[in-house]
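Heads up: the structure comes next, in C-alpha cells.
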Amino acid sequence: MWCRRLASLLKVPCRLSGSTRHSSPWLPRERRTVLAAVARWHHTAPESLKCAWQLHGDHLELRYANTLMRFDFVWLRDHCRSASCYNAKTNQRSLDTASVDLGIKPKAVRVDETTLFLTWPDGHVTRYGLEWLVKNSYEGQKQQVMHPRILWNAEIYRQAQVPSVDCRSFLETDEGLKEFLQNFLLYGIAFVENVTPTKEDTEILAERISLIRETIYGRMWYFTSDFSRGDTAYTKLALDRHTDTTYFQEPCGIQVFHCLKHEGTGGRTLLVDGFYAAEQVLRQAPDQFELLSKVPLKHEYVENVGDCHNHMIGVGPVLNVYPWNNELYLIRYNNYDRAVINTVPYDVVHRWYAAHRTLTAELRRPENELWVKLKPGKALFIDNWRVLHGREAFTGYRQLCGCYLTRDDVLNTARLLGLQA
C-alpha cells in the first residue's frame, strides 16, 4: 500500500513554480467550499490604501499590500498577541491551543488603516498589524525567500572576487565576523586567512561562530591517509564530489577544513555548488527535480576498524525543499554511502535513476568545479547542506584538521548580527 501511495504521489503534476489556486490543497474539499451565505468586501477608508476584507464561513479573506490572504478563524485566535495569550518577555505563547473551539468565529471584525481587530464570542479582542499579517501569512511566506543565496559555478565565483577575512578581524571584531558570515550565507563557502596552523587555533576559530558538533569522528579531528577509519577519505585516493554524513538522520551543517601540512603533490580540494546544479535540473527537467525531492533513500555507514564500530543510517531524499515555497535547503548526495535502494517501488526506481543521472551530469560539469589548494594558515568553512566537496589524489604526507559545526548555532550567530539566515 505504501508503494502504491508513493507511486501515485510521484505521478502528480509538478508544482515547483508555486500554485495559483485560491484554496490550500491540504484542506478537505468541504472546508474549501464552505462560504458564508452572503460574502462581500469591506474597505478601509480611504480605499486608496488598497485594504479590503470579507468574512466566509470558516475564514477571513484580507487583501492588503497587493497580497490576497486567507486566515482560518482558529489560526486567528491561536496567534493572538494580547498579554493574556502571549508572553512578550519570553516570546512564547501562553494560550492553550487545545482549548480553542475548532468551530470558533469572530463576533465582530473591524479594520482600520493599520490594524485588524477581532472580537470573539467571549468578548476577548485580538489585534493584528496588517504588515505583520502580510509577513506571517501563508501567502506572504510563499513570496519570501528563507535564505538569500547567490548560486555559482566556477566562473561566477571567481568574478565575484569574494574576499577572505583576516583571522584577527574574524576573532576580534563584529564587522569581520559579519563579513565572513555574509559571504558564507550567500555562497555556501568562506575562507579565513592567517590562521596559526594548529588544531588548537582552528578550534578557537570554529567556536567563534558555533558550538562544535561532536560525532563518531570525535570533536576536533586530524585527517591523514593512515586508513585509521573505515572511510575512503582516510587514503591518498581521489574523492568524487559529495556531501558528508548523509548517513546521519540530520547531516552535519557546516564543515571546517584547515590544512596543517602537506609535503607532496596534488590534493587540491574540489568545491561544487549543489544548489546551482539542482537549479539547472529544475529548469531543464522539473519533473526529475520533483522526483529527487520526493523519493526517500537510505544512506549507510558501516565501520569495523580497530576500536571504531559504527552502523549509521540516515533517510531522506536527495533534494530537500520547503513545501510552501519550494525553496531548496538541503542536498544529500553521496554515491559512496548510498545504501541499497529498497524504499522505492519498481515503477518509480528507473525514473529515479534517470533523474539522478541528470543531476550527476550537472554536478560533474567542468565549468561547475571550483578547485582550491588548501595551505597552512587558510581555513575553509563549507555549508555541507549545499556545497559538495572532493579532492584529487595526492602524494606525500598531508595532514588536515577540522570539525563539524551545529547549523542552528551558526545561523543564530548570523541573525544576532542582523543577517537574514
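Restricting attention to region 105-124, the residues being within 29 Å of residue 65 (Cβ to Cβ), in a loop (DSSP other than H, G, I, E, B) and open to solvent by 30 Å² or more (accessible area, probe 1.4 Å) number 6. Filtered by the rule that a residue be within 15 Å of residue 299 (Cβ to Cβ) and of a type outside the set (A, V, I, L, M, F, W, C), region 242-260 gives 242, 243, 244, 245, 246, 247, 249, 250, 251. Checked against (1) out of contact with any Phe, Trp or Tyr (no Cβ under 9 Å at 6 or more places or on another chain); (2) closer than 30 Å to residue 182 by Cβ; (3) surrounded by fewer than 18 Cβ atoms within 10 Å (Cβ to Cβ), residue 391 passes all but a single condition, namely (3).
Is there a residue in region 79-88 that is small (Gly, Ala, Ser) and surrounded by 13 or more Cβ atoms within 10 Å (Cβ to Cβ)? Checking region 79-88: at least one residue is small (Gly, Ala, Ser) and surrounded by 13 or more Cβ atoms within 10 Å (Cβ to Cβ). Residue 263 passes every criterion in (1) open to solvent by less than 30 Å² (accessible area, probe 1.4 Å); (2) acidic (Asp, Glu); (3) closer than 24 Å to residue 202 by Cβ apart from (1).
Residue-by-condition table, conditions (1) in contact with a helix residue (DSSP H, G or I) (Cβ under 9 Å, 6 or more places away or on another chain); (2) open to solvent by less than 70 Å² (accessible area, probe 1.4 Å):
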residue	(1), (2)
127	no, no
136	no, yes
139	no, yes
144	yes, no
168	yes, no
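Sort out which residues of region 54-98 are assigned to a strand (DSSP E or B) and more than 22 Å from residue 114 (Cβ to Cβ), and write them in order of number.
72, 87, 92, 93
For region 344-354, the criterion of being of a type outside the set (A, V, I, L, M, F, W, C), touching a His at 6+ places or on another chain (Cβ under 8 Å) and modelled with pLDDT of 95 or more is met by no residue. Can you find, within region 286-343, the residue that is nearest to residue 385 (Cα to Cα) among those that are buried (at least 19 other Cβ atoms within 10 Å of the Cβ) and of a type in the set (Val, Ile, Thr)? If we take residues in region 286-343 being buried (at least 19 other Cβ atoms within 10 Å of the Cβ) and of a type in the set (Val, Ile, Thr), then 331 is nearest to residue 385 (Cα to Cα).
Residue 270 falls short on exactly one of the conditions (1) open to solvent by 10 Å² or more (accessible area, probe 1.4 Å); (2) out of contact with any helix residue (DSSP H, G or I) (no Cβ under 8 Å at 6 or more places or on another chain), and that condition is (1). The residues on offer are 186, 237, 211, and the sole one that is surrounded by 15 or more Cβ atoms within 10 Å (Cβ to Cβ) and either more than 30 Å from residue 110 (Cα to Cα) or outside the structural domain of residue 325 (by the TED database) (or both) is 186.
The values are calculated or read from the model by the stated rules, or taken from the named source; none is laboratory data. These numbers were taken from a predicted model, which means no experiment stands behind them. Virtual Cβ from ideal backbone geometry, glycine too; neighbours counted across all protein chains shown. Heavy atoms of the whole protein, side chains included, go into the accessibility calculation; ligands, DNA and RNA do not. Shrake-Rupley method; radii C 1.70, N 1.55, O 1.52, S 1.80 Å.
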